[in-house]
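J.: Input: one structure, supplied below.
Derivation of every value follows stated rules applied to the coordinates shown; laboratory data play no part. Only a predicted model underlies this, so the values are computations on that prediction, with no experimental measurement involved. Quick reminder, even Gly has a Cβ in these numbers, built from the backbone with ideal geometry, and neighbours come from all protein chains shown.
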Amino acid sequence: MITNLTPNSALFLASLDTIQQNLANASEQVSSGKRINNAQDDPDELESLLQLRTDEQQNSQIESNLAEAKAEADTADSALNSASQLMDQAISLATQGANSTTDAAGRQTIAQQIEAIQKQMVDLSQTQVQGRYIFSGDDDASPTYQLDLNTPEGVDMLSDAASTRQVQDPEGSTFAASETASQIFDAPGASVFSALNTLRVALLGNNQAGIENSISALQAANTQVNQSDSFYGNVEDEIQNDNTFASNYDTQLQTEISNIQDADIAQASLELTEGNTQLQAAFEAEGKMPTTSLFNYLG
């Protein structure tokens, strides 16, 4: 392409463009606080930066999932503590009812207390967190049991969904964070519901032998509740450790991102000052250049 620019003018414009680009870059770094604001700023570091940001987003999602799991585990732990206390009361009432000095009327009164415990136990099996039934396994939109004193166990099972969900830790491993109501309250040979209802029926029938026999079933059921409570205690410990790891990892990722992305503000400010000085000097120098040409000497 033919141009009317002299070599000196072309050189001036090229230098001017370089200075202005450097000024724009320095200005953007100072205003944004970042050395890399687009892919062109440092193509060699872009892949590493994008991977670090992906890792940061994934870690943030894991922290969110852990927070949700913690809320459920804490609530479950509290519910099972209450369930264990109720079982202790039931065992105490059964022992009282089995005493030969307790008459039929006294056993009727105790039966009413056991019925109240049954209702509370079913309520605990229906524990919710943010509208989810945390002991209902994968079918957490509805409870697993409802009270029905006309059945042998005193409850109706509404669903029997397993709990297959796993929680991911920051290192990529997964762990189970929940048990189902059937595992906790209706385990074979250690059913809370069955033991309580058997005791209630024996009390209503003034069946001293039946009341005595129910005590071992109540104790087995209480052991099962405590084992489930220990399970959630272990889950809480796991989540706490994972949260600590995730928090430290998040700090590490942010540091690595900052090392790549953040600008050296002092250096960028210096470059901004130097660029403005160079720009002013360039214009002053250009203004002093002679403007005469061959035509000035022709008559």
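J.: What's the long-distance tail for the stretch 51-256, i.e. % of Cα pairs beyond 29 Å?
T.: Roughly 36 percent, once rounded to a whole number.
J.: How would you order 106-116, 188-198 from highest to lowest mean count of nearby Cβ atoms within 10 Å?
T.: 188-198, 106-116
J.: Counting Lys +1, Arg +1, Asp -1, Glu -1, what net charge surrounds Asp77 among other residues with beta carbon under 10 Å of its beta carbon?
T.: The answer is -4.
J.: With a cut-off of 20 Å, note down the residues of the stretch 64-81 whose backbone N falls inside the zone around a label point 7 Å from the Cα of Asn234 toward its beta carbon.
T.: Under 20 Å, as judged by backbone N against the label point of Asn234, lie 66, 69-81 of the stretch 64-81.
J.: So, one more: In the stretch 94-135, what is the volume of the convex hull around the alpha carbon atoms, normalised per residue and reported in Å³?
T.: 58 Å³
J.: What net charge is computed for the residues neighbouring Ala162, neighbours being all others with C-beta under 13 Å from the C-beta of Ala162, Lys and Arg scored +1, Asp and Glu -1?
T.: -4
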